[in-house]
Amino acid sequence: MAEEFTFALIKSHIATDHPALVEAVLTRIVRSGLAIRQLCYVTPTSPQIHILYREHAEKPYFPALADSVSRRTVAIVLSGENAILRWREMLGATNPANAAPDTLRANFGDHKKLVDNVAHGSDSENAARREIAIFFPDFPLEAYWPRAHVQAVRSDDRA
């Protein structure tokens, strides 16, 4: 199977408030066999947050969701076979209280505050393309995905 790429964002409550857990998350990623292709600490801008979570913008929880990534975060491009599915399985259910044992959200998420669920993970190839372009505008998406789609993502969704 071909190499697949996905986007991960370690949220602010981990990256800022519990930086030692960043190493634990990264260690699990590497041990899972996924490759870390790019990584950077970043404080997302308001436009980046709105683009990342645009499908949630009208939801009542959006302000809390946006706040969960409004301070320093860790943006990551991951790759590997079935990277999107594998990363999402490592994360566990969105609500840490409902996440399977030994998933990142079960182990490190805030069981009382749903949005502090450790990390974000792309839910599809299209989302991965868009999200990688938001935070890694120089990542060579063209090498992995059709040029026309990548150009549309970069012109429409860059903050």
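The values are calculated or read from the model by the stated rules, or taken from the named source; none is laboratory data. Please read these numbers as outputs of a predicted model, since none were measured by experiment. For neighbour counting, all protein chains shown are included, and Cβ atoms are generated from backbone atoms with ideal geometry for every residue, glycine included.
For this structure, a couple of remarks:
- Filter pass, H120 being closer than 20 Å to T16 by Cα, modelled with pLDDT under 95 and not charged (D, E, K, R): no
- Test: residue in region 33-49 that is closer than 25 Å to A2 by Cα and either of a type in the set (K, R) or over 15 Å from the mean Cα position of the chain (by Cα) (or both): yes
- Test for Y41: is it among the hydroxyl-bearing types (S, T, Y), over 30 Å from A143 (Cα atoms) and surrounded by fewer than 16 Cβ atoms within 10 Å (Cβ to Cβ): no
- Some residue of region 68-86 being surrounded by fewer than 17 Cβ atoms within 10 Å (Cβ to Cβ), assigned to a helix (DSSP H, G or I) and at pLDDT below 95: no
- The set of residues from region 1-38 being among the charged types (D, E, K, R) and surrounded by 16 or more Cβ atoms within 10 Å (Cβ to Cβ) comprises E4, K11, R28, R37.
Here is a yes/no grid of residues against (1) touching a residue at least 40 places away in the same chain (Cβ under 8 Å); (2) of a type in the set (S, T, Y):
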position	(1), (2)
E4	yes, no
I10	yes, no
A20	no, no
V25	yes, no
S32	yes, yes
C40	yes, no
R71	yes, no
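- Test for E55: is it outside any loop (DSSP other than H, G, I, E, B), at pLDDT below 95 and not hydrophobic (A, V, I, L, M, F, W, C): yes
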